[in-house]
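**Q** Take a look at this one; I'll ask things after.
The values are calculated or read from the model by the stated rules, or taken from the named source; none is laboratory data. Everything numeric here is computed off the predicted structure, so don't read it as measured data. No Cβ is skipped: glycine too gets one built from the backbone with ideal geometry, and neighbour counts run over all protein chains shown. Just the protein is used for accessible areas: all its heavy atoms, side chains included, with ligands, DNA and RNA removed. Shrake-Rupley method; radii C 1.70, N 1.55, O 1.52, S 1.80 Å.
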Amino acid sequence: MFFKGEDKYGLFGSTFRKDRCNRRGGGVLIAIRNHISCIHRSDLEAKLEMIALEIRPNPTICVILSAFYRRPDADELFLSQFREFLVKYSGTGLSNLVVTGDLNFPHIDWNLGCPTKPDPKTEDFCNILGLLDGFFLVRTLFVLVRRSAFDPKSVFRRYSRLARREERLS
């Protein structure tokens with residue numbers, strides 16, 4: 001994994017990560033800036049490659065921030081576990097949920113929340129999203145992050161470019 005937990009710029013007060021336990025490399029990570037209050041909400045996490053946090057960007061707003069990774073060849077178990085996460089979230093009484101990550105559903109119209117090609121898993125995922133009241137989807141990455149499963153340098157280069165862009169914006 002290219003991120004070893006060090007924060008040489010002192011930007012992040014809290015770093016949460018869940019490494020893969022059954023395969024080499026990978027996992028999910030969320031780094032939160034020093035001035036944002038957050039707690040790890042493991043009680044909301046399903047048996048997926050995911051992390052859930054409760055963040056408070058200011059005293060009046062509370063958000064559940066989650067990061068997921070879904071393998072491209074994942075079976076229906078992912079959808080079942082994703083539903084479990086949403087059920088747990090609905091029990092919190094909070095109204096702000098952010099789901100981010102690499103869900104590997106390439107055949108979704110992210111503006112409409114519907115499949116662009118017939119695929120049962122994609123259709124099921126869109127149906128789950130349709131149950132959420134007032135959901136909206138935003139696709140934030142429009143390029144292939146990794147050229148191949150065996151080219152970790154391309155991932156690091158892409159991450160470095162995104163990190164530099166983030167620094168310029170902040």
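**Q** What number of residues within the stretch 64-85 are open to solvent by less than 20 Å² (accessible area, probe 1.4 Å) and out of contact with any Ser or Thr (no Cβ under 6 Å at 6 or more places or on another chain)?
**A** So the count comes out to 9.
**Q** Ok, one more. Tell me, which strands (runs of 3 or more DSSP E) wholly within the stretch 1-115 include 1 or more residues that are among the charged types (D, E, K, R), modelled with pLDDT of 90 or more and over 16 Å from the mean Cα position of the chain (by Cα)?
**A** 49-58
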